[in-house]
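Scroll down for the structure; my scribbles are underneath it.
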């Protein structure tokens with residue numbers, strides 16, 4: 001048994017238009033439909049659409065997650081459950097201050113690359129849970145950065161939640177991870193979008 005997860009990404013600066021393209025790609029890959037979709041946000045605490053986790057308008061059966069850096073944007077989607085995606089440039093989380101707020105007492109990261117991999121894994125997991133960083137990352141224990149990603153310990157009230165995780169290859173410059181709330185193993189399809197070059201202004 002498996003769960004189908006789609007991750008669409010592009011090497012381009014983040015923008016509303018690019019995120020919309022990636023959301024549309026994910027929705028088409030999951031549903032096989034060419035119908036246009038849009039997304040908004042929903043805060044689980046106050047109900048606002050000005051912030052909170054992204055949701056597809058009219059397709060609440062599909063879970064989505066968005067992540068971006070200055071150079072890469074990614075959208076992950078899944079049907080019937082929740083998903084989280086995160087990405088960062090390789091080695092960006094190299095400061096000791098990050099380790100102090102990230103690592104569980106039983107975790108260790110040997111260098112900046114391992115620390116960054118742990119960061120994107122935890123961020124994707126917390127996005128899938130719908131909490132973001134309102135949960136202290138130090139309360140989450142994962143397998144080591146050189147092992148396949150897996151949650152060893154989650155804080156209350158998530159101790160019995162089934163989470164499956166998979167590292168993402170998004171080019172040589174970035175590391176990423178996608179997490180899905182499921183007992184089934186994720187089958188992740190990665191789709192790279194090449195954004196159209198902007199048209200030159202008429203002379």
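Any idea what angle helix 112-129 forms with the longest principal axis of the chain, computed on alpha-carbon atoms, 0 to 90 degrees, nearest 10? Once rounded, the angle reads 70 degrees. The simple Förster model, with R0 at 22 Å and r as the Cβ-Cβ distance, assigns residue 134 and residue 162 a FRET efficiency of 0.60. Subtracting the Cα-Cα distance of residue 194 and residue 33 from their residue separation scaled by 0.36 nm leaves 55.9 nm.
Global size of the range 84-167: 11.6, 32 Å for Rg and Dmax (C-alpha atoms, Rg to one decimal, Dmax whole). Rounded to the nearest 10 degrees, the inclination of helix 16-31 to the longest alpha-carbon principal axis of the chain is 80 degrees. In this simple spin-label model, placing a label point 7 Å from the Cα along the Cα-to-Cβ direction at both residue 1 and residue 97 gives a separation of 4.6 nm.
Where a number appears in this text, it was derived from the coordinates with a stated rule and is not lab data. These figures come from a predicted structure and were not determined experimentally. Heads up, the Cβs are rebuilt from the backbone with ideal geometry, glycines too, and the neighbour counts pull from every protein chain shown.
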